[in-house]
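Peer 1: Following this message is one structure expressed as structure tokens.
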Amino acid sequence: MNPACLRESFEKAGQGQVFRFWDQLDETSRAALLAEAAEVNLAELKELSAMVVAGKASEISGVSLEGLGPAPYVPLPENGGDAAKWKEARAAGEEALAAGRVAAFVVAGGQGTRLGYDGPKGVYPATPVRRASLFQVFAEKLRAASKRYGRSIPWMIMTSRQNDAATRRFFEENHFFGLPERDVIFFPQGRMCAVDEKGKILLASPSSLAMSPNGHGGSLRAMVESGATKLLEERGIDAISYWQVDNPLVHIVDPAFLGFHVLSGSEMSSKMIPKAYPLERVGHFCTQNGRQLVIEYSDLPAEMQQERTADGKLRFLAGSVAIHIFDRRFVEKMGGTSAERLPFHVAHKKIDCVDEAGRPVKPAKPNSYKFEMFVFDALPAAKNPVIVEGRREDEFSPIKNAEGVDSPATCAKDQLLAWERWAKAAGVPLPAAQKPPFWEVSPLFADTEEEFVRRAKAGEVPPVAEGSVLL
């Protein structure tokens, strides 16, 4: 759309204030403003803004607790699951991997600001000895899986406008960590503009809109709009393994999880981790009116989070940790323009902006409405969804906070504990006096306990000493 037509479309939509300062801008600033304006879906924004103006913002994000119960899930064999079904699922997952039907997808739009790190979060050093980045850990896991199953596994990486260039540069400087460059697909997350109580788009400056990422649910839309799903279709891929960038323990391609997804004919499958304690700040897998859904901890009353069954277990035990498998066709539907696409949630926030004279405004109270999508909102729309239990100690230890819970220190400790369990299972002696961080296992050497034990039995595990790195 040319500049004149774009400006006209905003005028017709009642959003002409976006170009209020046009005559005062130089050519560079005008180009920047036009580029941002071109991102806006005016028809979609009109629908959302109308609800804000009508005082119905709560209906966009409303959460009902009526008829809510805990969702069923497939338990691990040691927790009562059917070992034969787990074996069957693993075989089906391995078959899908060997057939090249699987792609990986990490949501990596965040910065390391909360960790005191200046750069993309995926660049943050995550391992105890090598200080390998999160991206390197994931790349090595994909290399290990590709070698095991004899097939390339494409890796989609969703960046943000803020970190896209730095992320691409990091991969180029590190030669894509040994992955084929054609198998690493980058695309940025979409954005949504904020509006005031009258539904008018706010300006962050005379030449820029007040915009923010459209939520992790925007990852599905970004996959479609970037053309990534089309590339996957061309390569015969129909299953997409999804995770978030802050969790180095994640099993990127878990064959059993994938097998349950395939055997169930599921459009969306999810990994659940039993809550560590009643009020853990994770989403809750629930069922309501015959559908499965995720209710955030902030939306589920504390008394419900603490309910227990007759045998003393937490009733709402299944925690959502943002590990999913999507059917490609389902992503195309939920991330496209169909009526079944992901819904938006609205938040009333304080956002710095400029007034009608172009003067900076720092509001003392919420002055805007922001819209975002949540990826788990796809679950109620999915056919044959399946939820599978995972082991926290093997699969979930995120790096979210600089200190305390879910910090680099707790994650390093959890990695060391996992490798210690592997060594014990393999009968590999460890030094009596362990001074963390004292060793590390690269996914290139072993990405699972099973692989570590296999290599130990083959005599391929050298003596472990302080500072050891098994590559």
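The values are calculated or read from the model by the stated rules, or taken from the named source; none is laboratory data. A quick note: this is a predicted structure, and the numbers were derived from the prediction, not measured. We place every Cβ from the backbone using ideal geometry, glycine too, and count neighbours over all the protein chains shown.
Peer 1: May I ask you to list the residues in the stretch 150-176 that are of a type outside the set (S, T, N, Q), touching a strand residue (DSSP E or B) at 6+ places or on another chain (Cβ under 9 Å) and part of a helix (DSSP H, G or I)?
Peer 2: Filtering the stretch 150-176 for residues of a type outside the set (S, T, N, Q) gives 150-151, 153-158, 161, 164-166, 168-173, 175-176.
Add one more test, that the residue is touching a strand residue (DSSP E or B) at 6+ places or on another chain (Cβ under 9 Å), and what stays is 151, 153-158, 161, 164-166, 168, 170-171, 176.
The answer is 164, 165, 166, 168, 170, 171, 176.
Peer 1: Would you tally the residues in the stretch 70-98 being under 25 Å from the mean Cα position of the chain (by Cα) and not in a helix (DSSP H, G or I)?
Peer 2: 7
Peer 1: Look at residue 48 and say whether it is among the hydrophobic types (A, V, I, L, M, F, W, C), surrounded by 14 or more Cβ atoms within 10 Å (Cβ to Cβ) and outside the structural domain of residue 197 (by TED's automatic domain parsing). It would help to see each step written out before you state the result.
Peer 2: Numbers: among the hydrophobic types (A, V, I, L, M, F, W, C): yes; surrounded by 14 or more Cβ atoms within 10 Å (Cβ to Cβ): yes; outside the structural domain of residue 197 (by TED's automatic domain parsing): yes.
Yes, satisfied.
Peer 1: While we're on this one: Which one of 83, 91 is surrounded by fewer than 24 Cβ atoms within 10 Å (Cβ to Cβ), among the small types (Gly, Ala, Ser) and without any contact (Cβ under 8 Å) to a residue 12 or more places away in the chain? Walk me through how you get there before you give the answer.
Peer 2: On the way: 91 fails: without any contact (Cβ under 8 Å) to a residue 12 or more places away in the chain.
Matching residue, one of 83, 91: 83.
Peer 1: Suppose we keep only residues that are small (Gly, Ala, Ser), in a helix (DSSP H, G or I) and in contact with a Lys or Arg (Cβ under 7 Å, 6 or more places away or on another chain) within the stretch 223-273. Which one would you say is surrounded by the fewest Cβ atoms within 10 Å (Cβ to Cβ)? Give the steps one after another, and end with the answer.
Peer 2: Step one: filter the stretch 223-273 for residues small (Gly, Ala, Ser), giving 226-228, 236, 239, 241, 256, 259, 264-266, 269-270.
Filter again for in a helix (DSSP H, G or I), leaving 228, 256, 259, 264.
Right, trim to in contact with a Lys or Arg (Cβ under 7 Å, 6 or more places away or on another chain) and you get 256, 259.
Working: 256: 22, 259: 25.
Out of the qualifying residues, it is 256.
Peer 1: Please count how many residues of the stretch 278-308 are in contact with a Leu (Cβ under 9 Å, 6 or more places away or on another chain) and without any contact (Cβ under 8 Å) to a residue 12 or more places away in the chain. Full working, then the answer.
Peer 2: We begin by selecting, within the stretch 278-308, every residue in contact with a Leu (Cβ under 9 Å, 6 or more places away or on another chain); these are 278, 283-288, 291-295, 297, 299-302, 304-308.
Narrowing the set further to residues that are without any contact (Cβ under 8 Å) to a residue 12 or more places away in the chain leaves 307-308.
Number satisfying all stated conditions: 2.
Peer 1: Restrict the check to the stretch 369-389 and report whether at least one residue is at pLDDT below 95, of a type outside the set (S, T, N, Q), closer than 30 Å to residue 335 by Cα and part of a loop (DSSP other than H, G, I, E, B).
Peer 2: Yes, because at least one residue in the stretch 369-389 is at pLDDT below 95, of a type outside the set (S, T, N, Q), closer than 30 Å to residue 335 by Cα and part of a loop (DSSP other than H, G, I, E, B).
Peer 1: Residue 337: assigned to a loop (DSSP other than H, G, I, E, B) and surrounded by fewer than 20 Cβ atoms within 10 Å (Cβ to Cβ), yes or no? Can you show your working first?
Peer 2: Values: assigned to a loop (DSSP other than H, G, I, E, B): yes; surrounded by fewer than 20 Cβ atoms within 10 Å (Cβ to Cβ): yes.
Answer is yes for this residue.
Peer 1: OK, next. Of everything in the stretch 344-368, what is part of a loop (DSSP other than H, G, I, E, B), touching a helix residue (DSSP H, G or I) at 6+ places or on another chain (Cβ under 9 Å) and buried (at least 16 other Cβ atoms within 10 Å of the Cβ)? Give them in sequence order. Steps first, answer last, please.
Peer 2: As a first pass, look at the stretch 344-368 and keep what is part of a loop (DSSP other than H, G, I, E, B): 344, 350-352, 355-359, 362-367.
If we keep only those that are touching a helix residue (DSSP H, G or I) at 6+ places or on another chain (Cβ under 9 Å) as well, we get 344, 356, 358.
Within the stretch 344-368, 344 is the sole residue that qualifies.
Peer 1: Could you please let me know if residue 55 is closer than 25 Å to residue 244 by Cα and without any contact (Cβ under 8 Å) to a residue 40 or more places away in the chain?
Peer 2: Numbers: closer than 25 Å to residue 244 by Cα: no; without any contact (Cβ under 8 Å) to a residue 40 or more places away in the chain: yes.
No, not satisfied.
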